[in-house]
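S.K.: After the structure tokens below, expect a handful of questions from me.
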Amino acid sequence: FLQKVFFKDELEYCFSYENPEVHLAGHFALKEASSKALGVKLYPFAELEIKHDKEGAPEVWHNQKKLTLKVSISHTGSMAVAIAAH
């Protein structure tokens, strides 16, 4: 499942934390929100990659191009939520 949903760099990022599940959930939520904001047919969930800038802010990429979305991920120890606006 993880290899179907996440890119290698996303998995490395999430598993670099003590509790990778909340980071995986945050990335999952942002992929879903971004796909829906942009149009699921044009931007399928599994084709979107979540990266982070130098300050740690999330970015959404598609086919190695950064997309112009306003995004946010938030999580607690057991819950994650994300929003994407186009």
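S.K.: Between a first residue in the range 60-83 that is at negative phi and a second residue that is among the polar types (S, T, N, Q) and in a strand (DSSP E or B), which pairs have beta carbons less than 9 Å apart while being 6 or more apart in sequence or on different chains?
M.R.: Listed pairs, sorted by first residue: A80/S74; V81/S72; V81/S74; A82/S72; A82/S74; I83/S72; I83/S74.
S.K.: May I ask you to list the residues in the range 56-82 that are closer than 11 Å to G26 by Cβ and surrounded by 11 or more Cβ atoms within 10 Å (Cβ to Cβ)?
M.R.: Once the filter is applied, which keeps residues that are closer than 11 Å to G26 by Cβ and surrounded by 11 or more Cβ atoms within 10 Å (Cβ to Cβ), the range 56-82 yields P58, V71, S72, I73, S74, H75, M79, A80, V81, A82.
S.K.: Does Y17 count as of a type in the set (F, W, Y), within 20 Å of L2 (Cβ to Cβ), more than 14 Å from the chain's Cα centre (by Cα) and open to solvent by 50 Å² or more (accessible area, probe 1.4 Å)? Steps first, please.
M.R.: On the way: of a type in the set (F, W, Y): yes; within 20 Å of L2 (Cβ to Cβ): yes; more than 14 Å from the chain's Cα centre (by Cα): yes; open to solvent by 50 Å² or more (accessible area, probe 1.4 Å): yes.
The answer is yes for Y17.
The values are calculated or read from the model by the stated rules, or taken from the named source; none is laboratory data. Note that the coordinates shown come from a computational prediction; the quantities given were computed from them, not determined experimentally. For neighbour counting, all protein chains shown are included, and Cβ atoms are generated from backbone atoms with ideal geometry for every residue, glycine included. Surface areas here come from the heavy atoms of the whole protein model, side chains and all, with no ligands, DNA or RNA. Shrake-Rupley method; radii C 1.70, N 1.55, O 1.52, S 1.80 Å.
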